[in-house]
Every structure is written in structure tokens, then in C-alpha cells.
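Below is one structure, written out as C-alpha cells; comments come after it.
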Amino acid sequence: MTSSVLPPLMKMELVVRKDGTTCFVYSEMFDLSGLGAAQIRRASLVEPDELGRWWADLSLESGPVLGPFEKRSTALAAETNWLETHIIASRQ
């Protein structure tokens, strides 16, 4: 009997506006080069503190500082969730 382990579900919220432009949180998960030229800008910072805890600073988008998180991956997930909920959705 062979068993396989499926990778975790990968998702990316991508908003296509009426004018054809797109808005999304950048990820290398999918090759989006077919969408055309990209304008990429920093929306937040995920950094550790002196105790090794992770913080997601969303002040570049007038957002909160989320954390602390024990794992960087948890801080990144919180960052993405906040950006998708508050920035991406509002730019439709």
C-alpha cells in the first residue's frame, strides 16, 4: 500500500479590477508573470524582537503591529490575512 501526503492548501487572493489591473499580496507561490508588468511595493515588515518573538508591523498601510508570535510563519500568516482583509478587499 502506498500513501501520499498532500501539501497544505495553497491560496492567493487576487483582485482583478474593472480596468484590468490586479492587486494581491506578493508571493512566489504562483508564476504571475503572464499578468504583465508588476509594480511591487512594501506593505509591511515582519521582524523578530530581541527575545526572538515575531511581529508583523503594518504601519506602512496605516495598520496595527500584530504579535508577538512564536513562529515567523504565524506572523507572516497574520500579516497576509490583515492585508487581504483591509487592503486588497478595499481596492476592488
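What follows draws every value from the coordinates through simple rules; no lab data is involved. Remember, it's a predicted structure, so these values are computed and weren't measured experimentally. Reconstructed Cβ throughout: ideal geometry from the backbone, glycine too, with neighbour counts over all protein chains shown.
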Neighbourhood charge, 13 Å Cβ-Cβ cut-off, centred on P48 and excluding it, Lys, Arg +1 and Asp, Glu -1
-2
Of the listed values [x] 14.7; [y] 13.7; [z] 15.1, grab the one calculated as Kirkwood radius over Cα pairs in Å from the structure here.
[z]
Sequence ranges 62-70, 80-88, ranked by mean other-Cβ count within 10 angstrom, highest first:
80-88, 62-70
For n ≥ 4 DSSP H runs only, could you compute -39500 (n - 2.57) per run for the chain, divide by its residues and tell me the 222 nm figure to the nearest 500?
-4000 deg cm²/dmol
Within the set E13, E50, E61, GNM on the chain using Cα springs under 10 Å gives the largest fluctuation to E50
